[in-house]
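Each remark here refers to the structure printed beneath this line.
Read the figures in this text as sums done on the coordinates, not as results from a lab. The shown structure was predicted, so the numbers you read here are calculated from the model rather than taken from an experiment. Reconstructed Cβ throughout: ideal geometry from the backbone, glycine too, with neighbour counts over all protein chains shown.
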Amino acid sequence: MRLFLNMLSRANRVLEKLLHWILLALLFGFIAMIIYQIVSRNLPLLPRLYWTEEFSRFAFQWMIMLGTAIGVLHADHFVLEAFPRGTRADRLTRWIRDLACLAVGVIFVVYGQEFAASGLRRSATASGLSMIFVYSAFMVCGLFIVLFALERLARAVLDGLDAMEAAMNTPDPVQEAIAAQQEHHLDLDAPQQSTGAGRPS
């Protein structure tokens, strides 16, 4: 189990870096196409490239799906804490959260294959691009979610839920502020140590 986790963790670190570069490229491409659309509407000298509208929309869709997968890896999705931290109900809901992410990933993979295949019969209106390149975003996102959720669950089983979240979750600024405040109060309540200066006789 530990060997599987180490291999999966190394693979996921490579995939995470790759996703960051892909997302950065998609973001720059999205911004460039939006800017071109705005400028070309106001400068008659520039040709109206209608495919830029489609490509900017497709880039936005891919950014959402790939960003969702990274959000699963670091638990960056919205979380509503309904129970006090550390209680049995809180721990149970945290386990359910990661299991639910794994289930969603599996659903995306299973049903995303059929959805992606349906794109072979359709093409984008302006660019003529096969829609399989757009529809496959769900299946690809599902694959990443499955890999990332499996790492989280494997770490939780081997190292414990708290250790896994400390290692993988994006730090929560609210929890960090509370911990810093408690630490500050502990420092204030600690007895002052003497400096060792002797009392004159």
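Compute the convex hull volume of the Cα atoms of the range 1-70, divide it by the residue count, and report the result per residue in Å³ as a whole number. All intermediate terms of the calculation are to be shown ahead of the outcome.
Numbers: hull volume 5.0 nm³, N = 70.
Per-residue hull volume (Cα only) is 72 Å³.
Quickly estimate the mean residue ellipticity at 222 nm for the chain, helices only: each DSSP H run with n ≥ 4 gives -39500 (n - 2.57), and the total goes over all residues, rounded to 500. Walk me through the numbers on the way to the answer.
Values: 7 runs with 147 residues, N = 201.
Here the helix-only value at 222 nm equals -25500 deg cm²/dmol.
Relative contact order (percent) for the chain, with alpha-carbon contacts under 8 angstrom and 6 or more residues of separation? Kindly include the intermediate steps, with their values, before the conclusion.
Values: 184 pairs, mean separation 43.9, N = 201.
Over the chain, the number comes to 22 percent.
According to a simple spin-label model (label point 7 Å from Cα along Cα-to-Cβ), what is the distance in nm between LEU120 and ALA89?
Between ALA89 and LEU120, the simple spin-label model gives 5.1 nm.
What size of dipole, in debye to the nearest 20, comes out for the chain about its Cα centre when the only charges are +1 on Lys and Arg C-beta atoms and -1 on Asp and Glu C-beta atoms?
Values: 17 positive and 17 negative charges, 132 e Å.
For this selection, approximately 640 debye.
Filter the chymotrypsin sites (Phe, Trp or Tyr not before Pro) in the range 12-104 down to the DSSP loop ones having no more than 14 other Cβ atoms within 10 Å, then list what survives. Could you put the intermediate results ahead of the total?
Numbers: sites: TRP21, PHE28, PHE30, TYR36, TYR50, TRP51, PHE55, PHE58, PHE60, TRP62, PHE78, TRP95; in loops: TYR50, PHE78.
Answer in residue order: TYR50, PHE78.
First measure r as the distance between the Cβ atoms of ARG97 and LEU46, then evaluate 1/(1 + (r/R0)^6) with R0 = 30 Å and state the FRET efficiency to the nearest 0.05. All intermediate terms of the calculation are to be shown ahead of the outcome.
Values: r = 49 Å, r/R0 = 1.62.
Efficiency at R0 = 30 Å is approximately 0.05.
Under the √(5λ) rule applied to the eigenvalues of the Cα gyration tensor, what semi-axes describe the equivalent ellipsoid of the range 43-103? Give them in Å, descending. Intermediate results must be reported in sequence, preceding the final value.
Values: eigenvalues 374, 25, 10 Å².
After scaling each eigenvalue by five and taking roots: 43, 11, 7 Å.
Hey, if you put +1 on the Cβ of every Lys and Arg and -1 on every Asp and Glu Cβ in the chain, which of GLN61, VAL104, ALA82 ends up farthest toward the positive end of that dipole?
So the residue furthest toward the plus end is GLN61.
Could you calculate the contour length gain from VAL14 to VAL110, that is, 0.36 nm times the residue separation minus the distance between their Cα atoms, to one decimal place in nm? Walk me through the numbers on the way to the answer.
Numbers: separation 96, 0.36 × 96 = 34.56 nm, distance 2.42 nm.
Net length gain for the segment: 32.1 nm.
Most mobile of ARG13, ARG88, ARG155 per a Gaussian network model of the chain (Cα springs, under 10 Å)?
Ranking ARG13, ARG88, ARG155 by mean-square fluctuation puts ARG88 first.
Output the direction-averaged projected area (hull surface divided by four) of the convex hull of the alpha-carbon atoms of the chain, in nm². Don't skip to the end; give the middle numbers.
Working: hull surface 83.8 nm².
Averaged projected area of the chain's Cα convex hull equals 21.0 nm².
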